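Asker: The structure follows.
The values are calculated or read from the model by the stated rules, or taken from the named source; none is laboratory data. Given the structure is predicted, the values throughout are model-derived calculations rather than measurements. Cβ coordinates were reconstructed from backbone atoms using ideal geometry, including for glycine residues, and neighbour counts include every protein chain displayed.
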Amino acid sequence: MDRKDYRHWAHKAADWGASYLEDVVDRPVRAQVSPGEIAALIGDGPPEAGEGIEPVFADFERIVPDGMTHWQHPRFFAYFPANAAPVSMIADMLTTQMAAQCMLWQTSPAATEIEIKMVDWLRQAIGLPGGFKGTLQDSATTATFCAVLTMREKALDWAGNRDGLSSGPRLRVYASAQTHSSIDKAVQLAGIGRENLVKIPTRADYGMDPAALAEAIAADRAAGHTPAGIVICTGGTSIGAMDPVAEIMDVAEAEGLYTHVDAAWAGSAMICPEYRHFWDGAERADSIVFNPHKWLGAQFECSAHFLRDPGELIRTVGLRPDYLKGPGDEDIVNFNEWSVPLGRRFRALKVWFLLRAYGLDGLRARIRDHVAWTEEACERLRAHDRLEIVTEPSLSLFTFAHVDGDGPTQALLEALNDDGRIYLTQTSHKGRYVIRMSIGQFDTAREDVVYGCDVIEEMAEKLT
């Protein structure tokens, strides 16, 4: 495509996107295709001669939309949402058009300085104290990996990066069984080893047991191991479990251990003061992550990583070769030193657009609605004689099952997703196969939730 053609095709792409968002409710939520079906429509090799954009765009329209699961569908009740408020989409379009690589202040001054401001706006929005600084990572997985690397280096007195891990002590990291698999991955990739991720038992409310945590740390010290840090869960992916943050922080501070709070999903709810009790004590942590791209409306990818002392992270993952040095670097922020990748997108622009366009009051209203509708949906399904609630609502997530056990529950989920009108996913809880219902897509309305319950009840009755 010549640049002179760009305006025409950019307009066409924008028009297509607007029509897609208007009509997405009429599509099946989950892609109704079989494995390999899309690949069979794509050529087996690259063309030698260019075809131009027109046939490519035509093939996009013919092949891609029907092969996608539609995350912006208002009846997407699966996983957690990957929200994209329209204003955030516009901001990301502008970011794409500028096509900047924002690794250093000097490569994109506005990107760096707006990111500093937006992280601080988000800090204020969720009620963290002013000492926290931070950055926008691509995902909570990356933020957690950075936190675990920092735990490792602090425990090794900063020698791991220099000397390697082969001759060092056996490090231990602590988390509950309700934490996300990204913690397992972080411990694996950090060279600590999954066998050294100690899963602490939970209490009746499925939050980590602080007494069991203290006992595990004492046992590891007695065995000659080196405790490195604790990952605290606020809103686990499976059932929305909440660790008792303040009590765990008491243990961590007594033991001198680095702490990371994983609030990837639930952190967005902390813009509402009435939900902050779920993470009382988070202000004492060393590292905290939440994803504005999950529940707040920021276009994926956008993960806010807050740090009590950014210098510890920079010392762990930062590297400044000669070709990246510039005059005055000591006095400016270069965000490539705060994460694993060197290159980075201008993520802060969509946060700026989002917060200014909707305001905290507008975003709070959405989250409060989602929580209220979740409780309403839970009570409606509880009343159905073929369904039972397995775990109660945690913010906007609960789980349920068919009363006849795992087989019918799995059959119900498959029927729901094959039907296409709504989309739900499963998890395992106490050895049971259960269905998760997560309400939080940016454009979901109460009538979508009511409709979703209608479909669930209809399908449950067909299995009887």
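Asker: Could you run through segment 206-259 and say how many residues are part of a helix (DSSP H, G or I) and at pLDDT below 95?
Answerer: 0
Asker: Which of (1) without any contact (Cβ under 8 Å) to a residue 12 or more places away in the chain; (2) farther than 30 Å from VAL434 by Cβ does SER34 not meet, given it meets every other one?
Answerer: Here SER34 clears every test but (2).
Asker: Would you mind listing the helices (runs of 4 or more DSSP H) fully within segment 90-178 where at least 3 residues are in contact with a Cys (Cβ under 9 Å, 6 or more places away or on another chain) and in the same structural domain as LYS199 (by TED's automatic domain parsing)?
Answerer: The qualifying helices (runs of 4 or more DSSP H) are 109-126.
Asker: Got a sec? Which of VAL351, VAL289 is buried (at least 22 other Cβ atoms within 10 Å of the Cβ), under 17 Å from the mean Cα position of the chain (by Cα), within 30 Å of MET93 (Cα to Cα) and not assigned by TED's automatic domain parsing to the domain that holds MET249?
Answerer: VAL351
Asker: Let me ask something else about it. Would you check if VAL450 is out of contact with any Asp or Glu (no Cβ under 7 Å at 6 or more places or on another chain), farther than 19 Å from TRP265 by Cβ and not in a loop (DSSP other than H, G, I, E, B)?
Answerer: For VAL450, the condition - out of contact with any Asp or Glu (no Cβ under 7 Å at 6 or more places or on another chain), farther than 19 Å from TRP265 by Cβ and not in a loop (DSSP other than H, G, I, E, B) - is met.
Asker: With the condition kept exactly as written, say whether any residue in segment 37-46 is farther than 13 Å from VAL64 by Cα, under 27 Å from the mean Cα position of the chain (by Cα) and not β-branched (Val, Ile, Thr).
Answerer: So far as segment 37-46 goes, no, none of its residues is farther than 13 Å from VAL64 by Cα, under 27 Å from the mean Cα position of the chain (by Cα) and not β-branched (Val, Ile, Thr).
Asker: Still on this structure: Within segment 408-433, track down each residue that is in contact (Cβ under 8 Å) with a residue 60 or more places away in the chain and either buried (at least 20 other Cβ atoms within 10 Å of the Cβ) or in a strand (DSSP E or B) (or both).
Answerer: ASN417, ILE422, TYR423, LEU424, THR425, THR427, SER428, HIS429
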